[in-house]
Amino acid sequence: MKYALLLSLAFVAQAFLPSNPPSFLPQRLPVHKSSLKASGYFAVSTDELEKNLTAAEKSVTAVVRKAAPSVAFVTSIWPEPPRNRSRRRNNQRSEPPQSRQQSLPPGRSLGTGSGFVIETDGYVITNYHVIETAYSLQSMQTDFMESFEKLLGNLTCNGRGSLGSLFDTDSLKSMLNQTFPPEPKVFTSINSANSYRPCRIVGVKPELDIAVLKIENSTTVFDKNDFGESGNLIVGQSVVAIGNPFGLDQTVTSGVVSALNREIKVQGGNAIRNCIQTDAAINPGNSGGPLLNLDGAIIGVNTAIISTSGSNAGIGFAIPSDRVEPVVKEIIQTDRVKNGFQPEAGYLGVGIMKNQSKKKPGNWIVKVDLHSPAAEVGLQSIDIKGSGIVIYGDSIVAIAGNFVNSYDDLMNQLKGRVVGEEIALTVECGTTNERRVVYPKLTNRPK
């Protein structure tokens with residue numbers, strides 16, 4: 001009875017899904033090379049484009065340049081049964097996909113939203129409610145198949161002459177696979193890529209409306225972004241949101257922190273405390289996207305709005321990064337251990353003064369390795385002259401917008417950084433006291 005009920009639920013859910021779900025995905029118009037040439041298009045430097053912008057505008061564009069490449073479009077599909085798919089293929093010519101949407105398997109949409117890459121090997125954060133339907137159906141099918149396997153095992157282990165001898169287990173499994181709906185799939189497109197990549201759902205935290213995905217079968221080193229501190233936000237502080245409202249990917253909006261410590265209720269009745277309220281425009285489809293400070297660090301995950309129309313009314317909410325980060329790290333670490341995979345630690349190529357000077361405190365660089373990422377971006381170490389005079393080079397002040405006030409803070413920020421990851425280092429020159437930001441890309445440690 002239990003198994004029949006589970007199977008029935010699957011077919012009932014499929015029946016109630018819309019046959020032609022609304023799509024907000026814009027069709028990309030082809031651009032011909034001849035039109036580019038005739039129009040006189042040419043490359044323009046960022047400095048040239050920004051020369052007439054105000055300082056406030058330049059702050060926003062800098063955030064977009066840093067964070068947008070890691071923002072993802074997340075969608076889930078319930079694929080058509082194999083028999084329908086083969087029938088469709090017989091009626092259509094075999095042609096390569098002409099658009100990103102065509103790279104998805106034919107089926108029914110189970111929801112779309114936003115996300116962002118948090119690890120260079122393809123871990124993506126989104127809202128739980130964005131993939132909730134796909135996750136629930138996957139879980140239901142997994143539970144059913146496990147129960148079915150156990151039932152077959154109990155029947156066949158009784159031996160000849162029992163009820164088990166009446167069953168051909170291979171035939172039963174084959175029949176079940178043909179009649180049971182295909183498993184829902186989750187896909188993501190990073191930085192407006194031309195095609196979607198399949199993902200698996202690594203873990204969820206419904207109480208925080210958080211889900212972690214992993215891009216499958218990929219050796220790509222993805223751009224990622226880092227968490228900032230949400231605990232030191234102040235009302236009125238500028239913020240930027242990036243996401244895919246109504247399927248319009250890489251949409252950027254800006255605003256301020258309108259209020260702090262809000263409590264919101266999400267799907268399922270879960271109450272999330274200490275949320276960030278913002279007037280940065282957040283619409284359907286923004287769910288799961290990043291809310292960023294002007295250093296480009298993630299301070300929240302956009303999750304909900306209050307609106308009488310269903311669209312932006314200037315009241316949006318984000319889950320604070322201080323609550324999201326430890327949950328996500330635990331989910332990812334568990335998944336890596338489970339799958340026996342841990343990316344190689346990244347190499348920066350600097351030595352840091354462990355015991356800080358009381359006269360001149362700071363994370364002073366005492367050594368820069370030749371041909372290292374640190375050397376390539378021009379980091380300078382302490383230089384002691386023959387006369388004993390100390391010329392201070394650079395001190396590391398912050399990593400990814402997070403201030404490092406001690407050697408331990410610095411090590412904690414560098415911990416977990418992997419090969420291929422580009423990090424934002426804020427450094428202060430010991431002779432001029434001027435600060436600058438450099439972006440070394442971590443490499444493998446020399447043999």
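Computed values, structure above
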quantity	calculated
Residue identified as farther than 21 Å from Thr75 by Cα, surrounded by 11 or more Cβ atoms within 10 Å (Cβ to Cβ) and modelled with pLDDT under 90 among Glu149, Glu183	Glu149
Matching residues in region 218-231 - criterion: being in contact (Cβ under 8 Å) with a residue 60 or more places away in the chain, under 18 Å from the mean Cα position of the chain (by Cα) and surrounded by fewer than 20 Cβ atoms within 10 Å (Cβ to Cβ)	Ser218, Thr220, Val221, Asp223, Glu229
Residue that is farthest from Cys429 (Cα to Cα) [pool: residues in region 372-389 that are touching a Gly at 6+ places or on another chain (Cβ under 8 Å) and assigned to a loop (DSSP other than H, G, I, E, B)]	Ser372
Region 105-137, residues that are open to solvent by 10 Å² or more (accessible area, probe 1.4 Å) and among the hydroxyl-bearing types (Ser, Thr, Tyr)	Ser109, Thr112, Tyr128, Thr133, Tyr135, Ser136
Number of the exception - Gln380 against (1) open to solvent by 50 Å² or more (accessible area, probe 1.4 Å); (2) within 24 Å of the chain's Cα centre (by Cα); (3) modelled with pLDDT of 85 or more	(2)
Subset of region 418-447 (residues that are open to solvent by 80 Å² or more (accessible area, probe 1.4 Å), touching an Asp or Glu at 6+ places or on another chain (Cβ under 9 Å) and among the charged types (D, E, K, R))	Glu422, Glu434, Arg435, Arg436, Lys441, Arg445
Cross-chain or 6+ apart pairs with Cβ under 8 Å, region 104-115 first and outside any strand (DSSP E or B), then open to solvent by less than 40 Å² (accessible area, probe 1.4 Å) and among the polar types (S, T, N, Q)	Leu104/Thr75
Test: residue in region 425-435 that is within 15 Å of Gly362 (Cα to Cα) and of a type in the set (Lys, Arg)	yes
Among the residues listed as Ile201, Ile234, Ile215, Ile210, the single one being exposed (fewer than 13 other Cβ atoms within 10 Å of the Cβ) and modelled with pLDDT of 90 or more	Ile234
Of all residues making up region 247-267, the number that are crowded, with 17+ Cβ neighbours inside 10 Å, under 20 Å from Ser321 (Cβ atoms) and either among the hydrophobic types (A, V, I, L, M, F, W, C) or touching a Gly at 6+ places or on another chain (Cβ under 7 Å) (or both)	4
Candidate set from region 268-289 (those that are of a type outside the set (Lys, Arg) and within 12 Å of Pro320 (Cβ to Cβ)); member that is most open to solvent (accessible area, probe 1.4 Å)	Asn274
Flag if Arg83 is touching a helix residue (DSSP H, G or I) at 6+ places or on another chain (Cβ under 8 Å), at pLDDT below 85 and open to solvent by 60 Å² or more (accessible area, probe 1.4 Å)	yes
Glu325, sole failed condition from (1) more than 19 Å from the chain's Cα centre (by Cα); (2) open to solvent by 10 Å² or more (accessible area, probe 1.4 Å); (3) not aliphatic (A, V, I, L, M)	(1)
Any hit, region 392-403, residues being more than 38 Å from the chain's Cα centre (by Cα) and under 17 Å from Met353 (Cβ atoms)	yes
Unmet criterion (only one of (1) without any contact (Cβ under 8 Å) to a residue 12 or more places away in the chain; (2) among the hydroxyl-bearing types (Ser, Thr, Tyr); (3) within 22 Å of Ala398 (Cβ to Cβ)) for Thr308	(3)
Close pairs from region 273-299: first touching a residue at least 12 places away in the same chain (Cβ under 8 Å) and hydroxyl-bearing (Ser, Thr, Tyr), partner outside any strand (DSSP E or B) and surrounded by 24 or more Cβ atoms within 10 Å (Cβ to Cβ), Cβ under 9 Å, at least 6 apart	Ser287/Val130; Ser287/Asp209
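One line per residue, one yes/no per condition, for (1) assigned to a strand (DSSP E or B); (2) in contact (Cβ under 8 Å) with a residue 24 or more places away in the chain; (3) open to solvent by 40 Å² or more (accessible area, probe 1.4 Å); (4) at positive phi:
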{"position": "Asn302", "(1), (2), (3), (4)": "yes, yes, no, no"}
{"position": "Ala318", "(1), (2), (3), (4)": "yes, yes, no, no"}
{"position": "Arg336", "(1), (2), (3), (4)": "no, no, no, no"}
{"position": "Lys358", "(1), (2), (3), (4)": "no, no, yes, no"}
{"position": "Trp364", "(1), (2), (3), (4)": "yes, yes, no, no"}
{"position": "Lys367", "(1), (2), (3), (4)": "yes, no, yes, no"}
{"position": "Leu370", "(1), (2), (3), (4)": "no, no, yes, no"}
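Table: residues versus (1) more than 25 Å from Leu233 (Cα to Cα); (2) touching a helix residue (DSSP H, G or I) at 6+ places or on another chain (Cβ under 7 Å); (3) in a loop (DSSP other than H, G, I, E, B).
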residue: Ile396; (1), (2), (3): no, yes, no
residue: Leu410; (1), (2), (3): no, no, no
residue: Gln413; (1), (2), (3): no, no, no
residue: Glu428; (1), (2), (3): no, no, no
residue: Thr431; (1), (2), (3): yes, no, yes
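The values are calculated or read from the model by the stated rules, or taken from the named source; none is laboratory data. Everything numeric here is computed off the predicted structure, so don't read it as measured data. All Cβ positions, even for glycine, are placed from backbone atoms using ideal geometry, and neighbour counts span all protein chains on display. Note: areas computed on protein heavy atoms with side chains; ligands, DNA, RNA excluded. Shrake-Rupley method; radii C 1.70, N 1.55, O 1.52, S 1.80 Å.
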